[in-house]
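This report refers to the structure that appears directly beneath it.
The values are calculated or read from the model by the stated rules, or taken from the named source; none is laboratory data. Worth saying up front: this structure is predicted, and the values here are computed from it rather than measured. Here the Cβ is made from the backbone with ideal geometry for all residues, glycine too, and neighbour counts use every protein chain on show. When the accessible area is computed, the model is the full protein with side chains, heavy atoms only, and any ligands, DNA or RNA have been set aside. Shrake-Rupley method; radii C 1.70, N 1.55, O 1.52, S 1.80 Å.
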Amino acid sequence: MKKVFLLITALVLLAFVGSASADVVIAFSQIGQESDWRTANTDDLRKAIENHPGWKLVYDDAQQKQENQIKALRNFITQDVNYILFTGVVSTGWDEVLKEVNEAGIPLLLIDRLPDCADRIDYVAAFGGDFVEEGRRQIAWAGEYLKSIGKGDKDVNVVIMEGTTGATAQTGRTEGNLKALKEYPHLKLVGQQSGNFTRAEGQAVMESWLKSIPKIDVLIAQNDDMALGAIDAIKAAGKVPGKDIIIVGCDSVKAAFDAIVAGDMNCTVECTPLYAAFVVPTIEALERGVKFDKSVIHPEEGVFDMNGGIDLGTVKSVKAADVIATRQY
Ligand code: GZL
C-alpha cells in the first residue's frame, strides 16, 4: 500500500514540475534566406531563443513567399504559441491574418520590415532599421565622397539597384535615395531596377546595365549582396570596381567589409540584423507583465568606407579596415 502511495505522489509531483516549467513558445515567421543579412538575423534570434531557459522556438522559413508566411502565421495560431515574431516579405496584404493573430490574443512583435497595416493592428513593439535614413546616407556618402576628391561639381551617372519590390526596406531606402539626390544635383540618375536583394540578381542587373547604359560612375545597391554580385559583373566586363564605378552597399555584412578592404567596394551603410538584444529583454519583460506601447525602435547604425571621415550629418563614416576584426556578422 505504502509503495502505491509513494508512486502516486511521485507521479503527481512529476506532473506539477512538468507543468510549472512549461515552455514559453516563441514562433518566428522569417522571410527566407535571400542574403547574408537574413542569415545573420535568423542565426542571432534562433541562438538566443533556443538557448534561453524555458523557451522554445517554432521557426518557419517562407522562402520569400507571402503565401507561405500567411500559412505559417495561421499555423502559429492553431498551435496557440505564446509570442509571434514577424517580418513581412512585402509591406501589403497582412491586415486579415495579423487581425487573426490579434483576435487569438497572441502578442505580436514586429521586427525588420514593418507591414503597412501596423497602425491598424495591435502589436507589442517594433524593432528595425530606419530605411529612409539608410537610403539618404547612401546617396549623401557618394555626394560627400566625390566632393572630398574634388569631383563635387562634375556631373556623374548614378544607378540605383533596389531590393525586393514592395518590401519596406526597398520602399524606404528608395524614398531616402531619391530625396537625397535633390541635395546633390550633379548625381544624375540613369538607371533604377530591382535586384531582389540577392547576389545572383544583382550580378544579372549589373550585366544588363553595363550593356545598355553608356557610362555608369556610381552604383547605389540597397544591400551588400547585390553590390557583391554587381562587382562580379563589373570585373567580368573588364572594369575596375571601386575605381571605374564607385560602389555603395547597405547592411554592413562581413563580405562587404572584405570587399572594401580589398578595394573592390567603397562604402556600406549599416543596417544591423542582430535583433536578439531587443527581442529577448522585451519577451522577458512581457513575461513579467510589463506593458508596451507599440513603440518603434531603431538601433544606432554606422557607415563604413575605405578611409573614414566622411561627414553625413547624422553620422561620420568609419574606416572599414579599422573595425573589421570587431564585426559580429
Ligand atoms: C533590412 C532587411 C533587408 C536587408 C537585406 O532590414 O529587411 O532584407 O537589407 C535583406 O539584405 O534581404
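General observations
- Extreme residue, farthest from the ligand (Cβ to nearest atom), among residues of region 138-172 that are of a type in the set (D, E, K, R) and open to solvent by 30 Å² or more (accessible area, probe 1.4 Å): Asp153
- Failed item, numbered, when Ser252 is tested on (1) of a type in the set (Ser, Thr, Tyr); (2) within 16 Å of Gly129 (Cβ to Cβ); (3) open to solvent by 10 Å² or more (accessible area, probe 1.4 Å): (3)
- Residue that is farthest from Ile26 (Cα to Cα), among those in region 38-55 that are charged (D, E, K, R) and surrounded by 19 or more Cβ atoms within 10 Å (Cβ to Cβ): Arg38
- Qualifying residue in region 22-32 (condition: farther than 22 Å from Val124 by Cα, within 16 Å of the ligand (Cβ to nearest atom), at pLDDT 95 or above and open to solvent by 50 Å² or more (accessible area, probe 1.4 Å)): no
- One residue stands out in region 182-201 among those that are touching a residue at least 12 places away in the same chain (Cβ under 8 Å) and in a loop (DSSP other than H, G, I, E, B): the one that is farthest from Glu134 (Cα to Cα), namely His186.
Condition check ((1) among the basic types (Lys, Arg); (2) surrounded by fewer than 20 Cβ atoms within 10 Å (Cβ to Cβ)) across all residues:
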site: Phe257; (1), (2): no, no
site: Thr268; (1), (2): no, no
site: Leu274; (1), (2): no, yes
site: Val296; (1), (2): no, yes
site: Lys316; (1), (2): yes, yes
site: Asp322; (1), (2): no, yes
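- Of the criteria (1) assigned to a helix (DSSP H, G or I); (2) under 20 Å from Gly163 (Cβ atoms); (3) in contact with a strand residue (DSSP E or B) (Cβ under 7 Å, 6 or more places away or on another chain), which one Ala140 fails: (3)
- Any hit, region 74-95, residues being more than 16 Å from the ligand (Cβ to nearest atom), under 25 Å from Ala256 (Cβ atoms) and either open to solvent by less than 20 Å² (accessible area, probe 1.4 Å) or not aliphatic (A, V, I, L, M) (or both): no
- Residues of region 173-194 that are touching a strand residue (DSSP E or B) at 6+ places or on another chain (Cβ under 9 Å) and either surrounded by fewer than 16 Cβ atoms within 10 Å (Cβ to Cβ) or closer than 18 Å to Ile213 by Cβ (or both): Asn177, Leu178, Leu181, His186, Leu187, Lys188, Leu189, Val190, Gly191, Gln192, Gln193, Ser194.
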